[in-house]
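Trainee: Below is a structure I'd like to ask you about.
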Amino acid sequence: MPIRPATDADLPAIAGIYADEVRTGIATFDLEPRSIELWRDRLASTEGGDHLLVAELDGQVVGYASSSAYRPKAGYRHTRETTIYLAPEAQGQGLGRQMYDDLLGRLVADGVHLALAAVALPNPGSLALHRSCGFEDVGVMRAVGRKFEQWIDVLWLQRLLVR
Ligand SMILES: CC(C)(COP(=O)(O)OP(=O)(O)OC[C@H]1O[C@@H](n2cnc3c(N)ncnc32)[C@H](O)[C@@H]1OP(=O)(O)O)[C@@H](O)C(=O)NCCC(=O)NCCS
């Protein structure tokens, strides 16, 4: 399965995959889909450690994985927050693992010190993926988000990449 850096032509597919989760899932706390311009800004980032990767299945973009700044303050510059979204039909086939291995390899090559991930609970698939990729649990923020009229906990995970 080809995994490659995203291009401008991939942005509608990326935006569509994310929009589905915005509307139907709790993996993101966005309540409205993101505009293509926001995705274009993400793609245009030249910060070291920022990546936007896509995976193709039968020539269609079926998922993306990204890394971006955890917080804007300069002291956090060696840390990246990672995330991944696959279309429902592409889940559960090992593609998430392949994409994350690719992304984490790029972060190591960039000299990124720490990868962080925030997983809204419950999400057994995402927890399994992160733990399988070497992330360790950090702790749970209780009732930090609200979506679909429910308070939602978030578990943070981290993986040390480069000392
Ligand atoms: C979470 C997600 C990225 C996982 O990707 P995936 O391709 O389905 O996962 P994989 O098939 O690569 O499986 C990775 C590991 O998780 C396990 N796993 C996957 N789904 C699982 C589930 N529902 N329950 C338990 N374990 C699961 C696999 O067995 C595998 O374990 P292993 O590496 O020890 O063999 C994908 O399901 C998804 O996009 N979900 C919707 C969006 C989302 O939740 N994104 C995460 C935001 S934090």
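Trainee: With a 1.4 Å probe and every protein chain kept in, tell me what percent of the accessible surface of the range 56-116 is carbon plus sulfur.
Mentor: Whole-percent figure for carbon plus sulfur exposure: 47.
Trainee: Hey, another quick one. Using DSSP to define loop residues, name the chymotrypsin sites (Phe, Trp or Tyr not before Pro) in the range 113-162 whose beta-carbon has at most 13 other beta-carbon atoms within 10 Å.
Mentor: Within the range 113-162, the qualifying chymotrypsin sites (Phe, Trp or Tyr not before Pro) (loop, at most 13 other Cβ atoms within 10 Å) are 148.
Trainee: Do any GluC sites (Glu not before Pro) in the range 44-132 lie in a DSSP loop with no more than 12 other beta carbon atoms within 10 Å, and if so, which?
Mentor: Loop-located and lightly packed - 47.
Trainee: Right, next: Return one whole number: the accessible area per residue of the chain in Å², for a 1.4 Å probe.
Mentor: Solvent-accessible surface per residue comes out at 53 Å².
Trainee: Report the rotationally averaged projected area of the range 33-91 based on its alpha-carbon convex hull, in square nanometres.
Mentor: Averaging across all directions leaves 4.9 nm² for the Cα convex hull.
Trainee: Under 8 Å for C-alpha pairs, at least 6 residues apart: give me the relative contact order for the range 50-163, rounded to a whole percent.
Mentor: RCO, the range 50-163: 22 percent.
Trainee: Just the Kirkwood number for the range 1-67, please: inverse of mean 1/r across all distinct Cα pairs, in Å, one decimal.
Mentor: The Cα-based Kirkwood calculation yields 12.4 Å.
Trainee: Arrange the residues 113, 130, 51 by how much accessible surface each exposes, largest first, with a 1.4 angstrom probe.
Mentor: Most to least solvent-accessible, the answer reads 113, 51, 130.
Trainee: Same structure again: Once you have a ≥ b ≥ c as the square roots of the Cα gyration tensor eigenvalues for the chain, tell me rounded if a/c is under 1.5, and otherwise prolate or oblate according to whether a/b is larger than b/c.
Mentor: In terms of gyration-tensor shape, rounded.
The values are calculated or read from the model by the stated rules, or taken from the named source; none is laboratory data. This structure is a prediction, so every number in the text was calculated from the model and none was measured. For neighbour counting, all protein chains shown are included, and Cβ atoms are generated from backbone atoms with ideal geometry for every residue, glycine included. Quick note on the areas: whole protein, heavy atoms, side chains included, nothing else; ligands and nucleic acids left out. Shrake-Rupley method; radii C 1.70, N 1.55, O 1.52, S 1.80 Å.
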